[in-house]
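Worksheet: the structure to be examined is printed underneath.
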Amino acid sequence: MDANQRRHHILTLARRQGDVDVRTIAADLGVAPETIRRDLALLAQQGLVRRTHGGAYPVETARFETNLETRATRMVVEKRRIATAAVEHLGDAESVFIDEGYTPQLIAEALPTHRPLTMVTASLHTAAALAAYPSVTVLLLGGRVRGRTLATVDHWATGMLAGFVIDLAYIGANGISREHGLTTPDPAVAAVKAKVLAVSRRVVFAGVHTKFGSHNFCRFADVADLDTIITDTALPASEAHRYSLLGPVVLRV
């Protein structure tokens, strides 16, 4: 196996497993850990992985996106803290949009179900979870269902959104950066998210620190379009301040 084949193998493995460990791969391939570290450094320079202590995880691109199963295994404690903090910003909102993705699912699970709420979502999982509560009215956006996230997209979804005025939207993204705003790999998903921002009075972005500083293929919003950003404490305070200078309140929980 030459160097290019080895790096391709490492990237494929990272995308399949959700992350890779330097020493494990080195042992499996019969090479020195330093060789794998150099491979990961090159893949990181190409924007295909991001390094962690002792390994790396794949970066989402126009051709690769993690599925819900993978997202539900990474940084779950941090995502639950973010979800709890996000719900504290519900206020007096009566109509709420819940985005696709794992962190928004956790937000949906943490929402109060004892008060009347109208929930709009593209996520089949979230719709099914909330429909069980008598006080919650669930509006599931129509459209093509994406297998990776079990969420609806295309003109059926954006057409429904065009008829709404939503009090509060909980939005996720595959990447967020000060230079490129909020991004996602799929143009159809970007169109739905952009329409949500256009029809919502308040927008809360909820996402772990690993999303910051990265970008994907399709831009759907600027950081300035957000009212609040909620992330975990691993995002440096100095970086959080830089995002806040663009407009939103940034909370590290």
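The values are calculated or read from the model by the stated rules, or taken from the named source; none is laboratory data. The model shown is predicted, which means the values in this text are computed figures rather than measured ones. Cβ: placed from backbone, ideal geometry, glycine included. Neighbour counts: every protein chain shown. Just the protein is used for accessible areas: all its heavy atoms, side chains included, with ligands, DNA and RNA removed. Shrake-Rupley method; radii C 1.70, N 1.55, O 1.52, S 1.80 Å.
Okay, residues lined up against (1) more than 27 Å from T210 (Cα to Cα); (2) among the aromatic types (F, W, Y):
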position: P112; (1), (2): yes, no
position: A128; (1), (2): yes, no
position: G143; (1), (2): yes, no
position: T149; (1), (2): no, no
position: D154; (1), (2): yes, no
position: G159; (1), (2): yes, no
position: F164; (1), (2): yes, yes
position: G172; (1), (2): no, no
Of those in the stretch 131-157 that are at pLDDT 95 or above and buried (at least 22 other Cβ atoms within 10 Å of the Cβ), the residue nearest to the chain's Cα centre (by Cα) is A151
Hey, does the stretch 47-59 have a residue that's touching a Pro at 6+ places or on another chain (Cβ under 6 Å) and either more than 30 Å from R201 (Cα to Cα) or open to solvent by 10 Å² or more (accessible area, probe 1.4 Å) (or both)? yes
Only one of these is under 26 Å from K195 (Cα atoms), open to solvent by 10 Å² or more (accessible area, probe 1.4 Å) and touching a Gly at 6+ places or on another chain (Cβ under 9 Å): E88, E100. Name it. E100
Could you list all residues from the stretch 216-233 that are open to solvent by 50 Å² or more (accessible area, probe 1.4 Å) and at pLDDT 95 or above? R219, D222, A224, D225, D227, T233
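Residues are listed down the side, and each one gets a yes or a no for (1) free of Cβ contacts under 8 Å to residues at least 40 places away in the same chain; (2) touching a His at 6+ places or on another chain (Cβ under 7 Å); (3) under 26 Å from G207 (Cβ atoms):
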| site | (1), (2), (3) |
| --- | --- |
| T118 | yes, no, yes |
| A127 | yes, no, yes |
| A132 | yes, no, no |
| T137 | yes, no, no |
| L141 | no, no, yes |
| R148 | no, no, yes |
| L168 | no, no, yes |
